[in-house]
Amino acid sequence: MSTLIYLDNNATTMVAPEVFEAMRPFFVERYGNPSSMHTFGGSVGKEVRRARESLANLLGASPQEIVFTSGGTESDSTAIFSALETMPERREIVTTRVEHPAVLNLCRHLGRKGYFVKWLTVDKNGNLDMDEVRSKITDNTAVVSVMWANNETGVIFPVNEVADVAQEHGALMHTDGVQVIGKIDVNLNSTNINFLSLSAHKFHGPKGIGALYIKKGTRFAPFIIGGHQESSRRGGTENVPGIIGLGEAAGLAAENLEEERVKVKGMRDRLQEGLLKTVPHAKINGDVDNRLPNTLNIGFEFVEGEAILMRLDDKGICASSGSACTSGSLEPSHVLRAMGVPFTAVHGSIRFSLSRYNTKEQIDTVVKEAPGIIEFLRAMSPFGPENLQSICTVH
Ligand code: PLP
């Protein structure tokens with residue numbers, strides 16, 4: 001296989017070499033328990049505090065507002081269950097139709113348990129309608145959960161404005177911020193966001209570690225009840241190497257934010273232009289002016305996304321069709337369906353997501369390889385070019 005071209009960074013990222021090096025001593029040499037009274041463990045506790053400060057700094061938060069968790073999914077569950085438990089008189093949840101399954105399936109579950117879930121729609125560009133937001137949040141809403149940026153399209157939601165509406169109604173605001181960390185500015189200091197979920201493996205940290213930001217003064221009920229770790233907000237011995245890795249990744253993210261914005265966006269735009277120029281019947285999914293700098297979701301009409309992925313894979317190119325968590329099922333993406341993307345394009349939609357470790361040469365290789373693959377598949381398909389006209393007239 002030719003050398004790997006990894007363009008699936010919204011699924012997971014490479015652990016930065018600096019992060020790996022920072023974690024290494026905490027497996028073998030410095031394995032003490034940060035809760036121990038002895039110096040061996042206590043010195044590890046100091047490093048955990050430093051990691052917490054580093055993450056708080058990236059978020060514009062204070063260290064006391066950070067609780068380490070096992071990742072994005074646990075943080076999402078913790079925030080939503082906490083809001084429902086601390087406001088038992090309120091039975092409404094407001095969320096969107098395009099959330100990651102970590103929120104989507106939890107809200108469906110809560111709906112079956114008797115909560116009233118109000119689903120916000122998106123328009124054809126994947127954007128929220130603030131009038132609908134205002135009409136759906138009421139004085140009975142316990143929690144509003146709206147992701148900051150969509151993992152499939154990269155579309156960014158106005159979560160600060162949504163948080164203001166939630167606050168007017170005394171509801172708690174949670175945002176799944178898993179996809180924005182290290183990609184755009186996040187400054188929680190001056191917002192009405194009560195909870196933000198994040199996950200280290202999306203920004204060059206290790207898997208299995210994340211955090212929940214809990215705004216000072218927010219009522220909170222723990223999800224994992226046990227020992228006094230994390231100021232009694234999350235029981236269980238801390239995943240020290242993970243926390244150290246998360247802290248290091250947060251420091252690097254703060255340093256590299258500008259590069260991510262300029263260099264990564266430049267490569268993403270080069271890929272987009274290259275593909276639009278060379279592949280007929282290709283369309284961008286999601287608002288081109290309101291997206292994460294690293295994400296390109298592009299629909300190649302009249303061809304199966306899975307077939308494209310397999311052929312890209314043969315060339316060593318990793319991309320994704322929809323969310324990695326739902327791949328394995330041939331269900332079309334719930335996000336693209338919510339946007340009303342025609343079926344001819346939903347099935348052929350590919351998500352390319354870049355990182356600062358990609359190069360211009362890699363992008364040029366993809367632009368060179370992809371058109372031939374799509375042309376070949378279209379020629380093989382019963383929906384091939386000779387049938388395009390009849391299919392187009394149906395939709
Ligand atoms: N939320 C979003 C938006 C995601 O993209 C992901 C991962 O794909 C998650 C939550 C889940 O995070 P984790 O894998 O850390 O549980």
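The values are calculated or read from the model by the stated rules, or taken from the named source; none is laboratory data. Since the structure is predicted, the reported quantities are computational estimates derived from the model, not experimental observations. Ideal geometry is used to build each Cβ from the backbone, glycine not excepted, and the neighbour counts take in all protein chains shown. Side chains are part of the model used for accessible areas, which takes the heavy atoms of the whole protein and leaves out ligands, DNA and RNA. Shrake-Rupley method; radii C 1.70, N 1.55, O 1.52, S 1.80 Å.
Within the shell defined by Cβ-Cβ distances under 12 Å, the residues around P342 carry a net charge of +2, with Lys and Arg each +1 and Asp and Glu each -1.
In summary, the lysines within cross-link reach of K368, defined as a Cα separation below 22 angstrom excluding same-chain residues under 8 places away, comprise K263, K265, K277, K283, K315, K360.
Pairing the Cα long axis of helix 39-59 with the longest principal axis of the chain, what angle in degrees results, from 0 to 90 and rounded to the nearest 10? Value to nearest ten degrees: 50.
Angle of helix 360-380 to the longest C-alpha principal axis of the chain, folded into 0 to 90 degrees and rounded to 10: 50°.
Length gained on full extension, K283 to E255, computed as 0.36 nm times the residue gap minus the Cα-Cα distance: 6.7 nm.
Relative contact order for the range 71-223: 27 percent, from Cα pairs under 8 Å spaced at least 6 residues apart, divided by residue count.
The C-alpha atoms of the chain occupy a region whose extents along the principal axes are 73, 51, 32 Å, arranged from largest to smallest.
Placing unit charges on the Cβ atoms of the charged side chains and taking the dipole of the chain about its Cα centre, the candidate lying farthest along the positive direction among L55, N150, N285 is L55.
The share of alpha-carbon pairs in the range 47-158 lying farther apart than 19 Å comes to 53%. Normalised by the number of residues in the chain, the mean separation of alpha-carbon contacts (under 8 Å, six or more apart) gives a relative contact order of 22 percent. Surface listing: Y115, Y213, Y357, Y31 arranged by accessible area from highest to lowest gives Y31, Y357, Y115, Y213, probe 1.4 Å. All Cα-Cα separations within the range 127-272 were binned at 5 Å from zero, giving a P(r) of 2, 9, 15, 18, 19, 16, 11, 7, 3, 0, 0, each value a whole percent of the pairs.
Using C-alpha pairs below 8 Å separated by at least 6 residues, the relative contact order for the range 152-290 is 21 percent. Counting charges near Y115 (Lys, Arg +1; Asp, Glu -1) among other residues having Cβ under 13 Å from its Cβ returns a value of +3.
When DSSP beta bridges are restricted to pairs lying wholly in the chain, around 55% turn out antiparallel. Relative to the longest principal axis of the C-alpha atoms of the chain, give the angle of the C-alpha long axis of helix 240-259, reported between 0 and 90° and rounded to the nearest 10°. It is inclined by approximately 50 degrees. Convex hull of alpha carbon positions in the range 26-67: directionally averaged projected area 3.2 nm². Helical runs assigned H by DSSP (4 residues or longer) give the chain a calculated mean residue ellipticity at 222 nm of -12000 deg cm²/dmol, each run adding -39500 (n - 2.57) before division by the residue total.
With Cα atoms as the point set, the radius of gyration and Dmax of the range 225-299 evaluate to 19.9, 59 Å.
Stretching the chain fully between F81 and A379 yields a gain of 102.2 nm (0.36 nm per residue, less the alpha carbon separation). Electrostatic bookkeeping for G42 treats Lys and Arg as +1 and Asp and Glu as -1; over the other residues with beta carbon under 12 Å from its beta carbon, the sum is +2.
When the distances between all Cα atoms of the range 62-108 are binned every 5 Å from zero, what whole-number percent does each bin get? Reading upward from the zero bin: 4, 18, 26, 24, 16, 10, 1.
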